[in-house]
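Q: Just dropping this structure here.
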Amino acid sequence: MTLSVLGGLVLLGGCGALVAVTVSHAPKPRTLPTTEAPQGKAPGKDAPSGAPAVEEGSPEADVKLTRCVVDSLTTWPVADVEIVNRGDSKATYVVNVEFVDGSGTRLGEGLAATNSLAVGQKAKEKAQGLVNVPGKVTCKVSKVTRYPTN
C-alpha cells in the first residue's frame, strides 16, 4: 500500500514538472507563407491569379486572414482571423478555415467564431487546427456563416 501511494506521488510530481516546463517555455510560432488572396479583397496584383473574387456585402467580405503559422511546440496550424461586421445589424460569425499543403491536399480544418458583433465592430479570433503539420501549410477561408443576433 505504501509503495502504491509513493508511486502515485512520484507520478503526480512528474506530471507537475512537465506542466511547469511546458508553461515556462512559451511556444515560438514559425511563420509560414500564405498563398491565398487576403479575404475580403478582389484579386489584384498582390493576389494569385486563380484566387476567387469576393462579392461585396457577402459574409466572406467581412473576413480576412492575417496570419498563418505552425506552432513550433505542437506542430499544429493556426490562422489569425480578423472579422469586421460590415452588415446592417449585430451578427454572429462562424469562419471555417482549411489548412492545406503545397500540393493542395487538405491537412485539417479549424473554426473561428465571434458572437454578437456590433455593426462596424472588429474582432480578432484564431482558427486552431488539431493535426500535426510536418512542413509548409497554407490557410484558406472555406466558408463564412453570418447569423443576425439581437
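The values are calculated or read from the model by the stated rules, or taken from the named source; none is laboratory data. If you're wondering where the values come from, they're calculated on a predicted model, not measured in any experiment. Neighbour counts are summed over all protein chains in view; Cβ atoms, including those assigned to glycine, are modelled from backbone coordinates with ideal geometry. Surface areas here come from the heavy atoms of the whole protein model, side chains and all, with no ligands, DNA or RNA. Shrake-Rupley method; radii C 1.70, N 1.55, O 1.52, S 1.80 Å.
Q: Pairs under 7 Å by beta carbon, first residue closer than 11 Å to Val97 by Cβ in the stretch 59-70, partner small (Gly, Ala, Ser) and open to solvent by 20 Å² or more (accessible area, probe 1.4 Å), six or more apart or different chains?
A: Val63/Gly40
Q: I'm checking my understanding of the structure. Among residues of the stretch 94-105 that are in contact (Cβ under 8 Å) with a residue 24 or more places away in the chain and not β-branched (Val, Ile, Thr), which one is least open to solvent (accessible area, probe 1.4 Å)?
A: Here the answer is Phe99.
Q: Moving on. Hey, can you tell me all the residues within the stretch 70-93 that are outside any loop (DSSP other than H, G, I, E, B) and either surrounded by fewer than 17 Cβ atoms within 10 Å (Cβ to Cβ) or within 9 Å of the chain's Cα centre (by Cα) (or both)?
A: The answer is Pro77, Val78, Ala79, Asp80, Val81, Thr92.
Q: Can you pull out the residues in the stretch 106-118 that are open to solvent by 60 Å² or more (accessible area, probe 1.4 Å) and not in a strand (DSSP E or B)?
A: Once the filter is applied, which keeps residues that are open to solvent by 60 Å² or more (accessible area, probe 1.4 Å) and not in a strand (DSSP E or B), the stretch 106-118 yields nothing.
Q: As an exercise: evaluate Val133 against (1) modelled with pLDDT under 95; (2) within 16 Å of Val63 (Cα to Cα); (3) aliphatic (A, V, I, L, M) and give the number of the one condition it does not meet.
A: (2)
Q: A further question on this structure: Give the residue, chosen from Gly40, Gly16, that is part of a loop (DSSP other than H, G, I, E, B) and modelled with pLDDT under 50.
A: Going through Gly40, Gly16 in turn, the sole match is Gly40.
Q: While we're looking at this one, here's another question. Just to be sure I understand, how many residues within the stretch 140-150 are in a loop (DSSP other than H, G, I, E, B) and open to solvent by 60 Å² or more (accessible area, probe 1.4 Å)?
A: The total comes to 1.
Q: Would you point out the residue of the stretch 119-139, among those that are in a loop (DSSP other than H, G, I, E, B) and touching a residue at least 40 places away in the same chain (Cβ under 8 Å), that is most open to solvent (accessible area, probe 1.4 Å)?
A: Lys136
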